[in-house]
Structures are given as C-alpha cells and as structure tokens.
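Data first, discussion second: the structure below is written as structure tokens.
Since every read-out is calculated from the coordinates, none of them should be taken as a lab result. Please read all numbers here as calculations on a predicted model, not as lab measurements. Using ideal geometry, Cβ is built from the backbone for each residue, glycine included, and neighbour counts are taken over all protein chains shown.
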Amino acid sequence: MYVAVKGGEQAIDNAHAWLAESRRGDVAIPELSVAQIREQMALAVGRVMAEGSLYDADLAALAIKQARGDLIEAIFLIRAYRTTLPRFGASRPVDTGAMAAIRRISATYKDLPGGQVLGPTFDYTHRLLDFALAAEGAAESPAPQAAALGPVPRVTGFLDREGLIEPEPASDAPPPDLTREPLELPASRALRLQSLARGDEGFLLSLAYSSQRGFGRTHPFVGELRIGEVMVEVEIPELGLSVAIGAITLTECETVNQFTGSKTQPAQFTRGYGLVMGQSERKAIAMSLVDRALRWQELGEEDTGAPVQDQEFVLMHADNIQATGFLEHIKLPHYVDFQSELELVRRLRAGAAQEAAE
Amino acid sequence: MKDYNFAYLDEATKRMIRRAILKAVAVPGYQVPFASREMPMPYGWGTGGVQVTAACLTPEDRLKVIDQGADDTTNAVSIRKFFQRTAGIDVTERTHEATIIQTRHRIPEAPLTEGQILVYQVPIPEPLRFLEPRETETRRMHALEEYGLMHVKLYEDIARNGEIATAYAYPVKVQGRYVMDPSPIPKFDNPKLSDCAALQLFGAGREQRIYALPPHTQVVSLDFDDHPFVAAKAPHACDLCGDAASYLDEVITDDAGGRMFVCSDTDHCATRRASGHAGRLGGSEGAAA
C-alpha cells in the first residue's frame, strides 16, 4: 500500500552505515592515518584550510579522510566545525615582508635582491607518471638542505620607490569580517579580498582565465610570488605588548598591471593582490587577477560587461559551500511543488483543449 | 552532546540571530540581513530554518519538523535528529503538541495556535529575484515600494496563459507594505499565512536573510480584481482518510497509469484515520502502513 515516503529514518541509518563502509574501502588495505594525509597530501590539506577558513592541518587532514578525499565536502566539514569555535580576538596584521620564504619568484625581473628561489614546485617537472612511487617503501633521496629565506624586499617596493606603481596607503582601520557580518554590496576592496581568499579555487581560476582571454583584460605580470611561514602575533592588552602564538604558511601574489594615467597624471602601474593560507599559488595568482579586474571603477576603466568585473557576480558565487549546497539541494524531495505545477499544467491544457474544440 | 553548546550554535551567534528576528518581527515582510553561519548540513538543506530554530529553541520546547508536509521524509528526519542530538529536546509529529514547527514547502493543515512558532526554510527570499537578478536593485525597489514589475509579470501570465502561472512561492503583500516570498509552499497554503495565530519566521541561510510574520498579520496574495487569487489543489479526496479539503500528493502506484492521492500532511491524515475517517482505499492505521 502507501509506502512511497515511509522508512526515511531507517534508510538514512543504512545509508550512513554504507557510507562508512565505503569510506574505509577494502579492509585488507591498511587504513590511512590522519598524520599520513597531513604529511603526504599537504596541498589538499592547504586547500581545505584556505577555503575552510581555518588554519589547522590536523583537522583538515581528518576532514579529507572523513570526506573520502572529496575536498569540497572536507571544506564543508571544516566550515561547520569553525562555526562552533569561540572567537577570542584578532591577531596583529601578519607581515609577509618578513616571511621565511621557501619559494620566492618574480616574473618581472630576471634576478633581484633576495634572488629567485624556486622551492618545492611542480613548475619544471615533466608530467610523467613516476612508477617508482608505485613501488612503495623506496628510500627517498634527501633534498639538498636549503634554509628558508629571511626577510626579502618586495618587488612592488622597488617600483614604488620610483613612483612607477600606484601607492598603497597604509591603514589601521579594522577590516570588515564577512564571517560575522552579512556581505553587503558594493563591497570594499578589503571585504572583496577576504571573500576571494576563501572562495573556490576552481571558480577563481576560471574567472582569472576569462580575464586573460579578453573578458575584462588587465594585462597582469606576476611581480612577485612568495610562499613561506609568517609569525602570528596577538596583542595582549593586559601586558601592553604582542606575543607570537605560532606560525602559518601563506602564499602571496602581487601582480603588476597595465597602467593608468592621463595628460595631467603620469602613467603608473596598478596592483592586484592575492593571499591564501597554505601553499596554493594557483589560487593566489587567480585571486590577484580577479582582485585587479574588480577594481575597474576606482581606476577609471571601462565596464566591458565581463563577468570578472561584476563584483556581485563574483562575490555572490565564489563560495563553494554555498554553491554546492544550493546546487545539490534540488535532489531533495520537491513533490509538493511539482504536484502544484502538475495541476496547473493539466488545467492549462484542459482549457486549451476546450478552446480548440470550440 | 556536551561537545557543543545547546542547539549547536554558540550563545553569541544565537543572540545575533535573535536580534535579526526581532527586527524582522518589527517590520513584517522586510528581509533582514543576518550573518548566517555555516551549518553541518549543506546550504539548500534548510540552514536558514535550522539557525532560526536553534535561536528560538529552549530546553522546554517540543519540536516538529516536516518536509513536504511529512514528518518522515529524509530531510525532516535528519533535521529532527540533529536537534534531538544537539539540544536534547522533546520531539513530536503532532501539530498541536509542537511549540516549534520547522517546515519545508508546507503549512500544516491544522490551524496553528498562539504560542506556536512556524519556521520556514527559504531558498530564495527575494520575491523579485527572477524579475531583477541584482540584490542592489531589488533592495531599492522594496525601499521605494516599487512593485510595478511584479504586477506586469502577473499580467503577462494572464495574457499568455489565461491565469497567473505561479503555483508555488506565490507572492504576497504583507500588511499593505512589503511584497514577500512565502517560500515555495503551494499557493493552496497561502490563505493560511494571513491572520495566523502563530508567529511565522522565515530563514534563508545561503542568502543570509530572515523575515517574519507576527501573529495575526494581514497577508494578501497578489491578484487582480478580474482575476482573483484561487488556492488550488488536486480535485480529489484523500484515498486514505477521505478528506476533500486537504492538500494532496499524487503517488504513482504502478506503471500502467495507476495512482492514488494522499494527504501531504501526514499528521493530519493519520489523525483523521485514527478518528474513523476512511478514503477510497481504506483508512485504518494498519492498512496505511
């Protein structure tokens, strides 16, 4: 008899049990440990931390394990956990100029103070499957030990000294926080950058790519890309000084873009900026292109109608947790609404048939 | 679950949501922005409703959760379990026993009473969204009470189809001021929005909006004098309980065109059957299981 929607509770329990079993896979194969994921899937861990907006490598690794390697699902787990954490305060702004960089390159100069340091990059690997990796247990040849770079000067600093790039006035204004206040449009640059920093890597990649292909072109050069650890300091009001509470890995990209200028104002390069938690230069570069494209108005550029220039389009669709939730919810039951449509279509068709008969 | 605060959200977040709710109650039909949090279920699964419910729950509450009118649909089960787990509150499937009812896509058939709260899950809170995609524009239109575009849309429906071709999420005007999306309830349910004794709260998590209808607010479905609003439903009676006035689901029973119609509100149907009503295909609890 009427069984169509019964048994939801039992079905959910069974589905969860099946999911747990599928997650584990063949029990004859040793289980992955969270530490293994943290150490050997570090870039996935970095992405989950960045888009989950929570810097904790162990939790990110746990989320990846629980999500069966589905990174958006893992990001979702981290976001949901993050919701429950109390906020004790805000850190001092981190100083990426003082970064202990493991990688630092500039595309605008052949060589520069501090040097070009490739660091652990895929850039120049040949994309050939390394079957030696399939033979587990092989001893890895140790990399030549290189100390992280100390503070190195910024490329934009060189240009700034000559007045060649737009100045970036310092500000001590507290930045807006989109995890505590709903996003309001138009959004300030600080708020846009915050949104982009936790936005979906794939979405930003495609938007940045579209701008490179002519939809909102900004002619970017990677002035500098740096990856490394920065200290996080917190000001303790009772002590009247700031205390270092740890270090986090950041990826920073500064682009140098085509100039503005007029008869009265000499030409200057403009800036795009990307900053991402963990090692994620694809995301950092994409973010800096999108940031630059979104600045068209303040730089007096033309609105070409390109998606990447439209901050409402970009900011309202960059969050993959929002996007995936709304996309996937259409698999939930909608039969009440469908039923009402069904009635409507039948009624309209009956009306039309009657009219045709007359 | 002692690892989490009562009803999952921390107290500061609940206070923020309660402030938004108070503002929403003070300005009926106005969409109040709020700092929606990520919840452990996906956007689109009812995160707005869950946050509103979490902010309203007290340990003494008795919660009912329905999806499509039914207590036993997967998402309703999941949300009910979530609050059992994180708040340890009592739950019920009986409409009149519940102090808070979270719903997706339906209003219960039984009249709600004073002291009850009905929490709607809302996917797109903006009734003008599909006429104007930009939030900056639609907020301005609400501020200026500029609703001409909506009336043009309804008029075009009539010109094209002979009637207003909106069967659910049918727009309403609240207390003569704001045009509001009642969430995707079938328009059959629209009359129940008006002069309701319960407090009605609407939560849209992904879109970060809360809005409200305080008890006994006047809610009018948009229409024209010569094309008045009609609350429509399938022209049948429930095959289980025989009710000819409740909203019905159509259930396909075989692949030869066989079908039956049953109440979408499972509690309403079960209550009627328990008190002896029967439809075309019988009515006792046992026969329906």
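Quick notes
- Within chain B, helix-based [θ] at 222 nm, where runs of 4 or more DSSP H residues each add -39,500 (n - 2.57), nearest 500: -8000 deg cm²/dmol
- Each pair of Cα atoms in the range B:233-280 enters the Kirkwood radius, and Stokes-Einstein at 37 °C and 0.692 mPa s then converts it into a translational diffusion coefficient of 308 µm²/s.
- Amide hydrogen neighbours beyond the local backbone of B:R209, cut-off 5 Å, H modeled: B:F34, B:A204
- Beta bridges per DSSP with both ends in the protein assembly as shown, % antiparallel, nearest 5: 75 percent
- Per-q log10 I(q)/I(0), chain A, q = 0.09, 0.15, 0.16 Å⁻¹ (Debye; single scatterer per alpha-carbon; no solvent): -0.66, -1.46, -1.58
- Applying 0.36 nm per residue to the separation of B:A245 and B:D195 and subtracting their alpha-carbon distance, the gain on full extension is 16.0 nm.
- Rounded, prolate or oblate (a/c below 1.5 giving rounded, otherwise prolate when a/b exceeds b/c) for the range A:8-83 by Cα gyration tensor: oblate
- Helices meeting the span-like rule in chain A (full DSSP H runs, Cα extent of at least 27 Å along the helix axis, mean Kyte-Doolittle score of -0.5 or higher): A:335-357.
- Neighbour-count order for A:I78, B:I124, fewest beta carbons within 10 angstrom listed first: B:I124, A:I78
- At R0 = 41 Å, FRET efficiency that the Cβ-Cβ distance of B:I252 and A:R213 yields, to 0.05: 0.30
- The calculated FRET efficiency for the pair A:L299 and A:L239, based on their C-beta separation and a Förster distance of 51 Å, comes to about 0.75.
- Modelled spin labels at A:L129 and A:A148, positioned 7 Å past Cα toward Cβ, are 3.6 nm from each other.
- From its DSSP helices (H runs of at least four residues, each -39,500 (n - 2.57)), chain A gives a residue-normalised ellipticity at 222 nm of -12000 deg cm²/dmol.
- Once both labels are positioned 7 Å from their Cα atoms along Cα-to-Cβ, the gap between A:H317 and A:E355 label points is 3.6 nm.
- Each residue of the range B:122-127 was assigned a 3J(HN,Hα) from its phi angle through the Karplus curve 6.51 cos²θ - 1.76 cosθ + 1.60 (θ = phi - 60°); the sequence is 10, x, 10, x, 8, x Hz, with glycine and proline shown as x.
- For A:E341 and A:L164, the FRET efficiency from 1/(1 + (r/R0)^6), where r spans their Cβ atoms and R0 equals 45 Å, is about 0.15.
- Enclosing the Cα atoms of the protein assembly as shown in their convex hull gives a volume equal to 233 cubic angstrom per residue.
- Neighbour net charge for B:D181 - beta-carbon separation under 9 angstrom, K R +1, D E -1: 0
- Its Kirkwood hydrodynamic radius, worked out from the mean inverse distance over all distinct Cα pairs, puts the range B:49-132 at 13.2 Å.
- Across A:E301, A:E341, A:E254, mean-square fluctuation computed from a Gaussian network of chain A (C-alpha pairs under 10 Å connected) peaks at A:E341.
- Cα gyration tensor category, rounded, prolate or oblate, for the range A:140-260 with a/c compared to 1.5: rounded
- Within the shell of other residues whose beta carbon sits under 14 angstrom from the beta carbon of A:L239, the net charge comes to -2, with Lys and Arg scored +1 and Asp and Glu -1.
- With Cα atoms defining each centre, the range B:20-62 and the range A:60-128 are spaced 34 Å apart in the structure.
- Rounded if a/c under 1.5, otherwise prolate or oblate - chain B, Cα gyration tensor axes: oblate
- Once both labels are positioned 7 Å from their Cα atoms along Cα-to-Cβ, the gap between B:S275 and A:Q36 label points is 6.2 nm.
- Taking chain A as a Gaussian network of alpha-carbon nodes connected by springs under 10 Å, the highest mean-square fluctuation of the residues A:R47, A:R217, A:R161 belongs to A:R161.
- Debye intensity ratio in log₁₀ form over the Cα atoms of the range A:217-358, taken at each q of 0.09, 0.13, 0.18 Å⁻¹: -0.57, -0.82, -1.09
- Sorted by Cβ density within 10 Å, fewest first, the residues B:K14, A:K110: A:K110, B:K14
- The HN-Hα couplings worked out from phi for the range A:113-118 by the Karplus form 6.51 cos²θ - 1.76 cosθ + 1.60 (θ = phi - 60°) are x, x, x, 8, 10, 5 Hz, whole numbers, x standing for Gly and Pro.
- Highest-MSF residue in chain A out of A:P307, A:P333, A:P151 [GNM, Cα springs under 10 Å]: A:P333
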